[in-house]
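Below is one structure, written out as structure tokens; the observations come after it.
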Amino acid sequence: MFQTIKCDITDEIMTITLQRPDRMNAFNMEMLDDLLAAFDKADEDDNVRVIIVTGEGRAFCAGADLDNGDHSFTGEVEDDVEFRDSGGVLALRIYDLKKPIIAAINGPAVGIGITMTLPMDIRIASTQAKMGFVFCRRGIAPEACSGWFLPRIVGISQASEWVLTGRVFPAQEALDNRLVSKVVEPEELLPIARAIAKEIAENTSATSVALSRQLLWRMLGADHPARSHEIESKMINWSSNQADAKEGVASFFEKRPAEFTLTVSKDMPSFYPWWE
């Protein structure tokens, strides 16, 4: 089904592996199509509760495939009114996901290789990972909506230093500046990512997670805390009257794991998506 990625679903976790190891998993249009299709499948499949993205071989993603020279980033399109950056198309699809997504950055991640992770909810890096927003060193501009995501994640000063210098930096620097939440040994990377994913899959309501994920992202651009209060009020009013809330309370008092039954394919509230 896929040409440039491997997709596995085990224990309600979809693991997507970027699979062009001979090219250090460089990003091309086929990979874009494969990732979009995988994310559509994840959103439609109620057996998928969490997504993990990692890379095959020694790299996570070495950036855009440069085989097409100076057209590697845009194809042959030059009309800046009609052109839409492929990295941005990918980032916006990730942003709209109903399922939480974890980046397990196993090695070098530069250009689109790192910007594609910015709309992901959790980023974990191997000690062997290196990152770089290298666009200015290639004579181009940032992409994948990184102008919106990166300053919100690490602050404007750090975002500016990384983007304007275009330098490549180690995983520890990414951790120190909160670009990633953990740096672990290579052999621990996927087990830790899966442990976090299982914590979500086994203990939470799918609809609660979908609503919470979008709440946190969408409120980053809100102009007043009242905007969050308004949508949170709708969320809590709706969710407290659903079966999962009853089960959540019952399991707490009965000291047993909850068995949530609501699904994002059938049971989301009528006000979702509230931003449209």
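Cross-link partners for Lys255 among the lysines, with Cα-Cα distance under 26 Å and sequence neighbours closer than 8 places in the same chain left out: Lys198, Lys246. Working note: Karplus 6.51/-1.76/1.60 with θ = phi - 60° gives the stretch 23-39 the couplings 10, 6, 6, 4, 7, 9, 5, 5, 5, 4, 4, 5, 5, 4, 5, 5, 5 Hz, where Gly and Pro are set to x.
For the stretch 168-270, the list of GluC sites (Glu not before Pro) that fall in a loop by DSSP and count at most 16 other C-beta atoms within 10 angstrom reads Glu254, Glu259. Put in line by how crowded their Cβ is, counting other Cβ atoms within 10 Å and starting with the fewest, Thr15, Thr261 read Thr261, Thr15.
For Arg123, nonlocal amide neighbours, meaning residues 5 or more places apart or on other chains whose placed amide H falls under 5 Å from its own, are Ala103, Ser181.
Which net charge results for the neighbourhood of Pro100, defined as the other residues with beta-carbon distances under 14 angstrom from its beta-carbon, given Lys and Arg at +1 and Asp and Glu at -1? Neighbour charge sum, excluding Pro100 itself: +1. Judged by the gyration tensor of its Cα atoms, with axes a ≥ b ≥ c, the chain is prolate; a/c meets the 1.5 cut and a/b is the larger of a/b and b/c. As a proxy for reagent exposure, Arg152, Arg218 were ordered by neighbouring Cβ count within 10 angstrom, fewest first; the result is Arg152, Arg218. Please identify, among Arg49, Arg227, Arg20, the residue showing maximal mean-square fluctuation in a Gaussian network model of the chain using a 10 angstrom Cα cutoff. Result for the chain, Cα springs under 10 Å: Arg227 fluctuates most. Using a Gaussian network model of the chain in which every pair of alpha carbons under 10 angstrom is joined by a spring, one finds that among Leu220, Leu189, Leu150 the greatest mean-square fluctuation is at Leu220. Taking the Cα centre of the stretch 205-276 as reference, the dipole from Cβ charges on Lys and Arg (+1) and Asp and Glu (-1) amounts to some 100 debye. Among Asp223, Asp43, the ranking by other beta carbons within 10 Å of each residue's beta carbon, starting with the fewest, stands as Asp223, Asp43. Here's how it looks for Met131: its modeled amide H is under 5 Å from those of Ala109, Phe169, which are all 5 or more places away or on a different chain. Couplings 3J(HN,Hα) of the stretch 128-145, computed from phi: 8, 6, 9, 10, x, 9, 8, 4, 5, 7, 10, x, 10, 10, x, 9, 6, 6 Hz, in residue order, whole Hz [Karplus 6.51 cos²θ - 1.76 cosθ + 1.60, θ = phi - 60°; x for Gly and Pro].
Throughout, read-outs are computed from the coordinates displayed, never taken from laboratory work. Because the structure is predicted, anything quoted here is derived from the model rather than measured. Here Cβ is always computed from backbone atoms with ideal geometry, including for glycine, and neighbour counts include all displayed protein chains.
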